Every structure is written in structure tokens, then in C-alpha cells.
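The values are calculated or read from the model by the stated rules, or taken from the named source; none is laboratory data. Keep in mind it's a predicted model, so treat the numbers as computed, not measured. Cβ atoms come from the backbone with ideal geometry, glycine included; neighbour counts cover every protein chain shown. Keep in mind that these areas ignore ligands, DNA and RNA; they rest on the heavy atoms of the full protein, side chains included. Shrake-Rupley method; radii C 1.70, N 1.55, O 1.52, S 1.80 Å.
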Amino acid sequence: MGWGIVLITGCGAGSSGGGDASAGDNEPRTLVQSESGALNDTVENLPVIEDEQAAAVGGSALYDRPADYPRVHIAPMRYIPISSGQQLGMRLALPADEQGNPLPGPFPVILVQSGYNIGLMSFAAAPGGVMLGIPDSYLVRRGYAMVSVDVIGGGISQGGWELFGTKEQIGYGDTVDWVKAQPWCDGNIGVAGASYMGITSLFTAQQRPDDIKAVFASVPLGDAKRGIVGTGGMLNAVFMGEWMTLTHLTSTQNIPLMLLQPELMTEVMSATREHIDHIDSYYIPLIEKAVNGDPEMAYDTPFWRQRSPLENMDRIQAPTIITGALNDLFQRDAPLLYEALKDQVDTRLMLFDGDHLSNFMQGLPGTEKTSPLLHVMLQWFDRYLKDMASGTESIPPVTQYVKHFKPGLWQGFITAQDWPHPAAEPQRWYLHGDGGLSQQAPFMDEPVRDMAAAPFADYDYGKSDDGGFLKLDITPNDGSDCSLSYVQWTLGVAGLTDIRSCYWDHRVLEASALNYETAPMAEDYVIAGPLQADLWISSTAADAVLSVRIGEVLPSGRVVPITNGLQLVSLRAVDESRSRYVFGEMVQPYHFLTQDKEQMLQPDEVVKVSVEIFPTSVMIREGSKLRISISPSNQAQGVLNLVQRENVKGGVTTLHHSVDYPSSLVLLNVPMSVLSD
């Protein structure tokens, strides 16, 4: 592993394209790390992590090529102007010679735009860093310039962060315009990144479809309301608390950058103050609107549509790779993004196991069916930014993990020509009054089953004790803080920092739920795609919550969680024109979630509620049982605002299973023979 990098000011051969003179036109500065670890400005060569070729994995054809350049040059942070009159923080990485001197290019450019403070984590280069906006030694040494940018309100950028708001999105296109004007840019621009950076990649490709030539978006958002923030018409406050706190906290951690670049101290201090002031001017009012049931937050409105990349996927003209994971934050959205693009551009979908964080443990080193993600990215960008014959046609349209399909670490991936799997067929399983689950519909009235409304979640929001950053804390009171949902909606953090067996075994959580189970499976049974629960219910209250969990009950009694759905009954109205049908069966309902479609319950009125259950791919093993577990809440995924609480409070929900009201679960089954081919 080699070391050494020089940090100097400027853009390659010099500043151009309207850069801020106060930030980018100073004399070059050199920063190093002394033996004591202190930074000084007299010695050269900060350490850089040189890339090592990732090991090839069985079953995948690893794409690789030798590095074109020996070193990586990382320029200091600087400011670039955008049309709003604000300035964004930017870090540039360029191929360099043996001495670390930047080469003039021009080069194709990989653009990453982040909400998590580029300046805080981009002092050195690392292979794979492109996912987060860190200078990527593997890609840059193979002939790419890399531009990492803080969005409005993030890092050292000016303004206040407003959850992918109008100004932020305009800034994406402005940044592309600035990059195009630089002498080190050859006009071929790709966008890349994971999570927030994957989301900005999609928005940027929509903003500048003629300029963006390739997209690599890992675990990106699709539909803000249905996919994450407002699942089933409720508020995903656990996620929002984690995400908003993380984003605001990182945006204010600018002291290291100011120490390294004192010439920017005045501008950076001013931007940081803007970020802190935004707590009172934006975040607290926004949270209060959500808690109090303001219609703009509570329903699907232009506020959420604007923040949903799925709304304008038809604008994207660039070949695109989408990656996701089976219990990721964007579990629902990754396949939908692929589907929106597959008929208009060259598109691939890769679905890993795990949550928002843990899926990278498979993706970065590669699996039995996938090359390491960094190699796939190089292959994609070489083809579409450098016009090289990199063999992208060999990448299957869809590669996805099937839980329990094969033993062994990261074994069990399959490939297919489409998603859902072309061989998938809908099968309907009926819920019975005795707790059974079978493919036989009720032929007589069966006992009903009741459940009382859950105690409401607690919440606390405001400023940190020192007033420096936002806090939003949610405490579930229904036991769901010990569930797979809690791991999922804490971005996977809970599963790493507080390992508890109940995250992976729901037998205690579901002990008091309404559970329905099949007989032990006579053979392995594969589910692949979205699921839908069609439940006939009545309630003593004006509204109710339906939480639907899907699990596998092992012969030992352990309940292995698989996936789940959540629905507020008053927002049950379905837009059939946007719902998914397979062989005439609706398998993925699209709920309006708008105020004009709200339908409150009448006492003891029996209604049908179609609950969307997020897609998965899993094998229920021979001897195990398939379980559907229904409860009155899943506060790890969604909580009620104050208006909704009043409508639900004190209610008892009755679940019906009869000839007239046949509650059921419909799923997509794929024959085992197809997977084994």
C-alpha cells in the first residue's frame, strides 16, 4: 500500500469558470501530517490510501484494467457559484504524476453531490470513496476527474438544508454547468453515489439530461411519501429523526476544515451559522406541522412530489444502474426506479440482502453473481463516459438475492431478465378464524378476531443542549423498537450498535398479534416481488392502523422476519390505474394518500383495506411455516400525528374471514426449478 498526496489550491491548470476569488485564487498551500499527528503547512505528503485490486469472486467476470496514472491530486475545498446567488463547497480530485502534480486532462468527470459534509471526510483518497463523495483513488487513477459538492445547507455550502427542496435541486443543474466550463472536463459527465448521493444523482440526471451520460445510483429514494416518509399515510418519525439529526449534525462540523484552510474561515463560519439558524426558521416549524397534522405534511402533496425522483424519471436519458437491498430504507423504491427506466435507457438492477448499511458488506467485495461494485462502476463509466468496449452487455438486467436459497456467505443470488421475475405467478392465501393460512377460501362464516389500538409513541424534539444541532427522538410504545423494522428505519445503525436477538426473531413481538400460519411447507416455497394483504375489517373508532408482517416460522419456533406493510385505514383508497397487476391480480396497490380521498370509518362498518407489503425475495424452507402477523401499529415505521391519534384512540379493530369478507394475502411465487437453473 502506497502513501503520499499533496493538497494544493486551484483547479488543475488554473481557476476558471467563474470561481470565487476569495476561495480559489490564493497561492498553493501544502498540508501534511507530522509524526505527532498534528497538521502543519511546511512538509509535503499527506497519506493517501492506494487501491488494491479487489479479489475476483466465483461466478462473476471481474472487469478491471491497469491504472493509467500513478497518483491522485486532491485540491482543497473551494466555493463555486450557483444561480441563486449562493455558493457551494466543492472538492476536486484529478489524476496526478509521480510527484502528485495534477495533470491537465481533459478527463471525463464523475460528479457526487452530498448532504453529509464533503469537507469533513475527503482529506484523503480511498478506493470505493466515490459512494460517499470521498476522492476515489481507484477511479481517478484510471483517468477520471472527480468532483464532490456539498448541497445547499450542507457542509460549508451556504443556505439552509430543506430536504431536497427547490433551491437545492436547481443547484444540481448549476453545478453541472460549472463543471462543463472547466478545462479539466472533456464534456462527459457521470453522476454516482449511495443513499443521499444516489438521490442527487437521479435528480441531476433529470435536471441536465443532455449533459449526464451515465448514472450509478446505489440505494436511492424513489417515492418520498409511499416509500419512506409517509408509509401507508403515517409519519415515519424514527427515520426522520435519525436522518434529519444526522444531516444537520454533519453540516455543522466544519472546524477541521477551517483549521486546514484558514483562508476560508470567514465564509465557513458564516455558512455554519446559517445551518444552525435553520433549526428555528425551518426544522422546528416543519416538525410541528408534521406532529400537528398539517395537510401539507400529512397527505401526498406537491411538497412530497417534488422530493420524489420517480415523478420525473422520463427525463433521464443516461444509462443507469440502480442498486438496492431487501431491507433497505428504499426497499420499495429501487425496483420501481428500474422499471421506470428499463424501456427508455440501458438499465440494470442489483438487489442485495441487508439494510441500508449492511448491504455494502456484500456489494463492495462482490458476491457469487456480482463483481465488486467499484469494478461494476468502472465498467459502466468506461463504456458510457470513455466509449470503451467494457462488456456491459454481460451484466444481467436483474441480479437479486433470495433469502435462505443457498447456505454460505452471500450465496443465493439469482439473475433474471426483468423484475418482478418473469416466471412469477400470483398466489392467494386466505386467513381463517382459527389462525390458519391456506389457499382454500372460507366456505362458511368463521370466527372474527379483535385487537385494541396500541398505546401511542412518545416524541421529543428541539435543539441539542448547546443549541448547535437538531434533535428529534421517537420512543415506540408498541414493542416495535425490538424488531427488524427498527433496524431498517434507523438506517441499520441499531443492528450494529445494539445487537439484540429480537431484531431477527419476532416470536415475542408477535405473541400478542393476530397470527395466521400455513401448515409446514412440504417443499421449499419461493416468494419474489411485492405482496398485498386484502383485509376486511371494522372498527369501533373512526380510524385504525393495520400493521402486516410476513415471516417464516422455523420448526424450532423462531419467527424469522421477512418484510412488512403498514396502512392507515382512512387512507385506504387505491388508484387502480397506478397499481400493479400480474395475470389480472392486483399485487401492489397504489394508495392516493390525498386529503380528498380520505374515508373515515363508520362504527362497525366492514371495509376492505388493501395493504401494500414491501417487495422481497425469499425461500420459505421445507418444514417451515409462512406467517402473516397483523397488529394495530408498527411505530418503528410509522406514527400517528395528533389529528390521527384522536380518530384512532380507544378503537377496537375486528378482522373478518368469511364467505362475504375473505381476508387474504396475495404474493408472487416463483418455481424452485427456475431459481436452480
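Rounded to whole Å, the principal axis extents of the Cα atoms in the chain read 84, 56, 47, largest first. The alpha-carbon positions of the range 144-231 define a convex hull whose volume is 101 Å³ per residue. Kirkwood analysis of the Cα pair distances in the range 386-534 returns a hydrodynamic radius of 20.5 Å. Counting Lys and Arg as +1 and Asp and Glu as -1 over every other residue whose Cβ lies under 13 Å from the Cβ of residue 146, the net charge comes to +2. Rounded if a/c is under 1.5, else prolate if a/b is larger than b/c, else oblate: which is the range 637-677, with a ≥ b ≥ c the root eigenvalues of its Cα gyration tensor? Verdict is oblate for the range 637-677.
Helix 196-207 and the longest principal axis of the C-alpha atoms of the chain enclose an angle of approximately 80°. Is the range 286-421 best put as rounded, prolate or oblate by its Cα gyration tensor, with a ≥ b ≥ c the root eigenvalues, rounded for a/c under 1.5, and otherwise prolate when a/b is larger than b/c, oblate when not? Oblate is the answer for the range 286-421, as a/c is 1.5 or above yet b/c matches or exceeds a/b. Once the Cα atoms are used to define both axes, helix 265-278 deviates from the longest principal axis of the chain by about 20 degrees.
Taking all protein chains in place and a 1.4 Å probe, what share, in percent, of the accessible surface of the chain do carbon and sulfur account for? Ligands and nucleic acids excluded, carbon and sulfur reach 52 percent. When both the range 302-377 and the range 139-191 are represented by their alpha-carbon centers, they are found 21 Å apart. log₁₀ I(q)/I(0) of the range 534-677 at q = 0.22 Å⁻¹, via Debye over equal Cα point scatterers, no solvent, to two decimals? With one equal scatterer per Cα and no solvent, log10 I(q)/I(0) is -1.50. Just to confirm a number: summing +1 for Lys and Arg and -1 for Asp and Glu over residues other than residue 112 whose beta-carbon lies under 14 angstrom from that of residue 112, what do you get? Counting the neighbours of residue 112, the net charge comes to -1.
Tell me, what is the per residue accessible area of the range 310-458 in Å², probe radius 1.4 Å? Kindly include the intermediate steps, with their values, before the conclusion.
Values: 5660 Å² over 149 residues.
On a per-residue basis, 38 Å².
Kirkwood radius, the range 502-575, all distinct C-alpha pairs, inverse of mean reciprocal distance: 14.6 Å.
Shape annotation for the range 77-123: C-alpha extents along the principal axes are 38, 23, 16 Å, from largest to smallest.
Here is the link list: 180/369; 289/342; 289/649; 289/597; 608/649; 167/597. Which ones come out longer than 26 Å on Cα distance? Those over the limit are 180/369; 289/342; 167/597. For a straight C-alpha distance cut-off of 12 angstrom, the aspartates and glutamates reachable from residue 463 (same-chain residues fewer than eight places away being disregarded) are 277, 280, 473. In this structure the range 51-208 gives 25 Å² per residue of accessible area when probed at 1.4 Å with all protein chains present. Spin-label model, residue 452/residue 605: points 7 Å from Cα along the beta carbon direction are separated by 2.6 nm. Using the Cβ of residue 206 as centre and a radius below 12 Å, the other residues enclosed give a net charge of -2, where K and R count +1 and D and E count -1.
Can you work out D for the range 229-268 in µm² s⁻¹ from Stokes-Einstein, where Rh is the Kirkwood radius over C-alpha pairs, the temperature is 4 °C and the viscosity is 1.567 mPa s? Translational diffusion coefficient: 105 µm²/s. Where only DSSP H runs of four or more residues are counted, the chain gives -5500 deg cm²/dmol as its mean residue ellipticity at 222 nm, each run worth -39500 (n - 2.57).
Given R0 = 56 Å, the distance between the Cβ atoms of residue 306 and residue 512 translates into a calculated FRET efficiency of 0.90. Explain nothing, just the number: dipole magnitude of the chain about its Cα centre with +1 on each Lys and Arg Cβ and -1 on each Asp and Glu Cβ, in debye rounded to the nearest 20. Roughly 600 debye for the chain.
How would you classify the range 418-478 from its alpha-carbon gyration tensor, with a ≥ b ≥ c the square roots of the eigenvalues: rounded for a/c under 1.5, else prolate if a/b is greater than b/c, otherwise oblate?
The shape class here is oblate.
Each of 577, 218 has its accessible area taken with a 1.4 Å probe; listed largest first, they run 577, 218. Simple rule: put +1 on each Lys or Arg Cβ and -1 on each Asp or Glu Cβ in the chain, find the dipole, and look at 609, 531, 492; the Cα lying farthest toward the positive end is 531. Helix 166-180 and the long axis of the chain differ in direction by around 40°, with both axes built from C-alpha atoms.
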